[in-house]
Amino acid sequence: MRENDEDTFRGVLFGLFQGQKERALEDPGKMLLEDELMADALAASIETIALAEAWGEYQKLIARRQIESLWEKIKAWVKGYSVKLAREINQTSWDMLEVVLKSYASEGWTMGELTAAVADIFGEARAQRIAVTEVTRAYVEGSRIAADEVIAQGIKMIEIWHTDNDDLVCELCGPLDGEPIGIAWDRGMGPPLHPNCRCWTTFEVV
């Protein structure tokens, strides 16, 4: 399921990147107008992922079908976050593109070298990295919104960080495995804690 979500998100973002790549080679200044287009496209994927995770978590925590407020809170988070995410992605693309264009102008790059460098900026590897990171965020935020709904009904809960606890877990996330919030970490840290982070959290009744 997670891999399907990552593939879907990567596909949407990579499709956007391909259009941006063509426009960037034609007129780099157009990159500054891409935020709204990207935000709208990514919001649909983020909302679907976060809502599914929120509803699953909510049903697991408390078997009451009070989904209307859950849906509205997911939509509100996605609306604000998708705009922020699009701006960050596009600003990073613009910054990278500026470096490439300066190198092209000052170092005598060929058009082939320029095209290859621009393709890396808008490539599938970067889209995949962002997809992994943002699917993690959508899962975690969905779970948190669901848990907050339960907590609002008077049930005390605590959030626990989890990793896959294997050789791929990084030195940043490894020590957090099994740790409750408020000791080694807080909500501002994540997950995701870093690009390509696949950690998650669960909630336990106190």
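Observations on the structure shown:
- For residue 161: the one exception among (1) in a strand (DSSP E or B); (2) at pLDDT below 95: (2)
- Some residue of the stretch 76-99 being under 24 Å from residue 155 (Cβ atoms) and either touching a residue at least 40 places away in the same chain (Cβ under 8 Å) or assigned by TED's automatic domain parsing to the domain that holds residue 11 (or both): yes
- Members of the stretch 175-192 found to be in contact with a Ser or Thr (Cβ under 9 Å, 6 or more places away or on another chain) and assigned to a loop (DSSP other than H, G, I, E, B), listed by number: 177, 178, 181, 190, 191, 192
- Qualifying residue in the stretch 54-69 (condition: at pLDDT 75 or above, surrounded by fewer than 16 Cβ atoms within 10 Å (Cβ to Cβ), among the acidic types (Asp, Glu) and out of contact with any Ser or Thr (no Cβ under 8 Å at 6 or more places or on another chain)): no
- Annotation note: of 33, 37, 42, the sole residue that is within 16 Å of residue 88 (Cα to Cα), at pLDDT 90 or above and out of contact with any Gly (no Cβ under 8 Å at 6 or more places or on another chain) is 42.
Here's the yes/no breakdown for (1) on the phi < 0 side of the Ramachandran plot; (2) touching a Ser or Thr at 6+ places or on another chain (Cβ under 7 Å); (3) in the same structural domain as residue 206 (by TED's automatic domain parsing):
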{"site": "126", "(1), (2), (3)": "yes, no, no"}
{"site": "129", "(1), (2), (3)": "yes, no, no"}
{"site": "140", "(1), (2), (3)": "yes, yes, no"}
{"site": "164", "(1), (2), (3)": "yes, no, yes"}
{"site": "173", "(1), (2), (3)": "yes, yes, yes"}
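Table: residues versus (1) surrounded by fewer than 13 Cβ atoms within 10 Å (Cβ to Cβ); (2) basic (Lys, Arg); (3) closer than 23 Å to residue 38 by Cα; (4) in contact with a strand residue (DSSP E or B) (Cβ under 8 Å, 6 or more places away or on another chain).
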{"position": "140", "(1), (2), (3), (4)": "no, no, yes, yes"}
{"position": "144", "(1), (2), (3), (4)": "no, yes, no, yes"}
{"position": "156", "(1), (2), (3), (4)": "yes, yes, no, yes"}
{"position": "185", "(1), (2), (3), (4)": "no, no, no, yes"}
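- Residue within the stretch 91-99 that is surrounded by 12 or more Cβ atoms within 10 Å (Cβ to Cβ), within 24 Å of residue 39 (Cβ to Cβ), among the aromatic types (Phe, Trp, Tyr) and more than 18 Å from the chain's Cα centre (by Cα) present: yes
- Residue 109 fulfils the conditions (1) touching a Ser or Thr at 6+ places or on another chain (Cβ under 7 Å); (2) in contact (Cβ under 8 Å) with a residue 40 or more places away in the chain except for a single criterion, (2).
- Residues located in the stretch 100-127, provided they are buried (at least 18 other Cβ atoms within 10 Å of the Cβ) and not basic (Lys, Arg): 100, 118, 121, 122, 127
The values are calculated or read from the model by the stated rules, or taken from the named source; none is laboratory data. These numbers were taken from a predicted model, which means no experiment stands behind them. FYI the Cβ positions are ideal-geometry reconstructions off the backbone, even for glycines, and counts take in every protein chain you see.
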